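Accompanying notes for the structure given below.
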Amino acid sequence: MVHVAIVGTYGSAGVAVADELRERRDEFTDDLELTLIDDGDPGGGLCILRGCMPSKDVLSAGEHRYLARHDDRLEGVPEADPERIVARKDEHVSNFAEHRRSHVHDLADRDGVELLRDTARFVDDRVLDVGGRRLEPDYVVVATGSVPNIPDLPGIDEVPTRTSTDVLDATAFPDSGIVLGNGYISLELGPYLSEIGDVDLTVIEHDERPLEEMEDAYGETVLDIYRDQFGIEVLTNTDEKRLESTADGGVRLIAEQTDSVEREGGGDGEGDGERAGDVEEITVEADELYCFTGRRPNLDGLGLENTQLEPGDGWVTSTMQARDDERVFVVGDANGREPILHVAKEQGFAAGENIVHHRRGEACEPYANVPHHVIFSGLGVYPFARIGHTPATAAATHMDEIVVTREASSDGVFATKGHPEGRATLIVSADDGTVLGYQGLHRHADVMAKTMQVVVEMGLDVREVPKRAYHPTTPEILDGLFRAACAELADREDCVAETDSANMIP
């Protein structure tokens, strides 16, 4: 018998491992014994309970209000009801979580599967204590997700601090707030606090602009939108130094701001040079502090100190096996590699497959994926999407690439929708026309991401991609990119004409 224990079964990665192992159970030479372990209350996984789903639920309310406020053809601004926003979010989350729990409980009803609703802790290598019960499985899968990363900043324990979880449950808001961190959490929840909570926000941005992996114009566009459309003050080139409590119970941040920055690579996203310029100490005061400083693997209390496992850079390999113990697999946010739901699921499937391979004495297969990211910036009105290569990552491979960019304002449909801001970029191989990557920061970029995922992951030649979106629709921005890339290819006469189709239906 082969015994596999999965710690963190309600999450997307953990349940994916369980599903994959059940699907492949006949490939084992021995019977499969599966122990599912989760102490979540009520249980349902991070994405469902405190991440992807509830955040998009509340953002939708902010989006609707913003769209009405932004349109000068309409009279009045809808009044937000935070209690109703949270109540609807909670109802949806409860339904989503119940669906996930039902699936896990159905698994637990199968022969050879047991669900333990308790806390697991390593007491030795691949030896678990689960509520006083000792388990010695052949394989252990760690799928414990992530928790908010609170910076180790002097004074942070003395001031009122909120995380993304607090914002999702908030029905009352302070007059003002300081935001630490300007990654995806801040880019999504900052406008929500401004739009729904009417919070006067000051955001601390370490770099010269957000989206530092992209061309400068992307980050500049985000800054313009956040400052002009949402009234958010973003302090760039700024590093927080310490925090103090104010006399009225608020928060005081002391920071250092550099007046200019020079980076290797000319500020095109290719380098990480040192800052240069005068440094000024600044002070910002507000009612509350929001820590949107990312997430870290949830490994606290897991007892890893009782094993040979040493978390850190490179501690989980591409096969999802722990570097220090090939019979321990770490998937999803817990491995710190790429905390995104679809990646967590794919890693779970890969781990399940590799447990079978390992048991059979076969080589384990590395997991690799094409980057596929979406940030619902600007309440999802101005989402940022990235598929595949960026100009910087393509250049780093020393391939011969073509990079074309199109402003959203070049297509009239964006003006008709009242949102001409933004841009999109296409990266194409100059050798054979293969589409290597796409990035967009504009209305509906999130839904175009799926189309471009298909184009990139299938390795389509830009000359063979149809270039006739229905007019007027926002995907016309893609047509413009395709045409521009074709025009730069030496054999552009071979491009598919706008009226051509492989299988046109009369």
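The values are calculated or read from the model by the stated rules, or taken from the named source; none is laboratory data. Quick caveat: nothing in here was measured; it's all calculated off a predicted structure. Cβ: placed from backbone, ideal geometry, glycine included. Neighbour counts: every protein chain shown. The accessibility values were calculated without ligands, DNA or RNA, using every heavy atom of the protein model including side chains. Shrake-Rupley method; radii C 1.70, N 1.55, O 1.52, S 1.80 Å.
For residue 26, state whether it is part of a loop (DSSP other than H, G, I, E, B) and farther than 29 Å from residue 174 by Cβ. No: the conditions fail for residue 26. When residue 68 is tested against (1) closer than 21 Å to residue 379 by Cβ; (2) open to solvent by 70 Å² or more (accessible area, probe 1.4 Å), exactly one condition is not met: (2).
Among the residues that make up region 431-441, is at least one of them modelled with pLDDT of 95 or more, over 19 Å from residue 401 (Cβ atoms), among the small types (Gly, Ala, Ser) and not in a loop (DSSP other than H, G, I, E, B)? No - not one qualifying residue is present in region 431-441.
Taken over region 192-237, the criterion of being assigned to a loop (DSSP other than H, G, I, E, B), closer than 30 Å to residue 77 by Cβ and touching a Lys or Arg at 6+ places or on another chain (Cβ under 8 Å) is satisfied by 196, 236.
Just so you know, in region 305-332 the residues that are under 16 Å from residue 349 (Cβ atoms) and not aliphatic (A, V, I, L, M) include one that is nearest to the chain's Cα centre (by Cα), and it is 332. With respect to residue 179, determine if the residue is touching a strand residue (DSSP E or B) at 6+ places or on another chain (Cβ under 6 Å) and free of Cβ contacts under 8 Å to residues at least 40 places away in the same chain. The answer is no for residue 179.
Return yes when residue 271 is open to solvent by less than 70 Å² (accessible area, probe 1.4 Å), at pLDDT below 95 and not in a strand (DSSP E or B) and no when it is not. Answer is yes for this residue. Listed by first and then second residue, the pairs linking a residue in region 15-32 that is open to solvent by 50 Å² or more (accessible area, probe 1.4 Å) to a residue that is not hydrophobic (A, V, I, L, M, F, W, C) and not in a helix (DSSP H, G or I), with Cβ atoms under 7 Å apart and 6 or more places separating them unless they lie on different chains, are 31/112.
Pairing each residue of region 99-110 that is farther than 20 Å from residue 53 by Cβ with any residue that is part of a helix (DSSP H, G or I), provided the two are 6+ apart or on different chains, yields C-beta distances under 6 Å for 107/18.
Scanning region 392-403 for residues that are touching an Asp or Glu at 6+ places or on another chain (Cβ under 7 Å) and either within 15 Å of residue 221 (Cβ to Cβ) or surrounded by 16 or more Cβ atoms within 10 Å (Cβ to Cβ) (or both) returns 392, 394, 395, 402. When each of 240, 244 is tested for being modelled with pLDDT of 95 or more, part of a strand (DSSP E or B) and open to solvent by 40 Å² or more (accessible area, probe 1.4 Å), the lone residue that passes is 244. A single entry from 36, 74, 107 fulfils the requirement of being in a helix (DSSP H, G or I) and either surrounded by 16 or more Cβ atoms within 10 Å (Cβ to Cβ) or hydrophobic (A, V, I, L, M, F, W, C) (or both): 107. Restricting the search to strands (runs of 3 or more DSSP E) fully inside region 278-391 and requiring at least 1 residues that are crowded, with 24+ Cβ neighbours inside 10 Å and touching a residue at least 60 places away in the same chain (Cβ under 8 Å) gives 288-291, 325-330, 384-388. Taking region 452-481 as the range and being of a type in the set (A, V, I, L, M, F, W, C), more than 13 Å from residue 434 (Cα to Cα), in contact with a helix residue (DSSP H, G or I) (Cβ under 7 Å, 6 or more places away or on another chain) and part of a helix (DSSP H, G or I) as the test, the residues that pass are 477, 478.
Taking the options 189, 223, 168, name whichever one is within 23 Å of the chain's Cα centre (by Cα), open to solvent by less than 40 Å² (accessible area, probe 1.4 Å) and free of Cβ contacts under 8 Å to residues at least 40 places away in the same chain. Result of the check over 189, 223, 168: 223.
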